[in-house]
Amino acid sequence: MVSAEASQEEEAPPAAGESEFMKCPKCTDTELVQRNVRGKNLAVDSCPKCRGIWFDNAELEAAMSTAVSELHVPDRAVKLKLPCPKCQKPLYMFQYPQTRVAVEMCKKCKGLWLDGGEFKQIRTVRNFLDERGMLKKRDEVPGVRGALLQFIDSAIQNLSQAPD
Ligand SMILES: [Zn+2]
Ligand SMILES: [Zn+2]
C-alpha cells in the first residue's frame with residue numbers, strides 16, 4: 001500500500017550526484033522511464049504505472065531557457081509530503097494558470113510534475129477556453145510564461161507513445 005505519508009523516514013540524504021534512476025513521487029517504488037518528445041529537443045520522465053510526467057528543469061531550460069527562468073513556485077503553493085523525484089525535497093502544489101488543475105513543483109530544482117490525468121485536464125480545459133475565445137492571452141499568462149505553457153501543452157501532445 002502506497003501512501004503519501006510513507007516517505008518521512010526514508011528521506012534520502014541529498015546525493016552528491018544525481019541518482020541515475022528517479023522514482024515516481026506518487027507510486028514511490030516505481031522508476032520513471034525517459035520518453036522523448038517528438039519534434040522537440042526534450043525528454044521527459046514518465047511513470048509507467050500512474051502515467052505522471054516529470055519535466056526536469058534542465059530539460060526545460062535547454063529547450064526554452066527564457067521562459068523557464070521565470071517559472072517558480074507561487075507563494076500560495078501548498079507544501080506536500082511527496083518527494084521530488086530528483087532531489088527528494090518536498091514538492092509544492094499549485095494551480096496551473098487558467099485551469100483548476102493542480103501541478104507539483106520542486107522549489108529547489110524547479111522540476112514540474114503532472115499527474116497522469118492532469119495533463120489531459122489541462123489540455124481539455126485550455127482547448128475548451130480557447131475554442132470559446134475565453135482563454136486569456138495577456139493577463140494571467142503573459143509573455144514568456146504563456147510561451148512556456150504553450151510549450152508544455154505541445155510537448156504533452158507530442159510525447160512518443162502518448163497514453164491513449
Ligand atoms: Zn507513478
Ligand atoms: Zn527537486
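The values are calculated or read from the model by the stated rules, or taken from the named source; none is laboratory data. What you see is a predicted model, and the numbers here were worked out from it, not measured in a lab. Glycine also receives a Cβ, built like all others from the backbone with ideal geometry; neighbour counts cover every protein chain displayed.
Read through the list (1) at pLDDT 75 or above; (2) more than 16 Å from ligand 1 (Cβ to nearest atom); (3) not acidic (Asp, Glu), then give the number of the only condition that THR99 fails.
(1)
Within the stretch 48-67, how many residues are of a type in the set (A, V, I, L, M, F, W, C) and more than 12 Å from the chain's Cα centre (by Cα)? Walk me through it before giving the result.
Step one: of the stretch 48-67, the residues of a type in the set (A, V, I, L, M, F, W, C) are 50, 53-55, 58, 60, 62-64, 67.
Applying the additional criterion that residues be more than 12 Å from the chain's Cα centre (by Cα) yields 50, 58, 62-64, 67.
Of the residues in that region, 6 qualify.
Please work out if GLU104 is within 16 Å of ligand 1 (Cβ to nearest atom) and at pLDDT below 75.
Numbers: within 16 Å of ligand 1 (Cβ to nearest atom): yes; at pLDDT below 75: no.
No, not satisfied.
Does any residue in the stretch 94-108 that is buried (at least 18 other Cβ atoms within 10 Å of the Cβ) come within less than 7 Å, Cβ to Cβ, of a residue that is modelled with pLDDT under 65 and not in a strand (DSSP E or B) six or more places away or on a different chain, and which pairs are these?
PRO97/GLU140; PRO97/VAL141; GLN98/LYS136; GLN98/GLU140; GLN98/VAL141
Any idea which residue in the stretch 22-36 is nearest to ligand 1 (Cβ to nearest atom), counting only those that are under 13 Å from ILE53 (Cβ atoms) and among the charged types (D, E, K, R)?
LYS26
Please work out which residue is modelled with the highest pLDDT, limiting yourself to the stretch 24-46 and to residues that are among the β-branched types (Val, Ile, Thr) and within 16 Å of ligand 2 (Cβ to nearest atom).
VAL44
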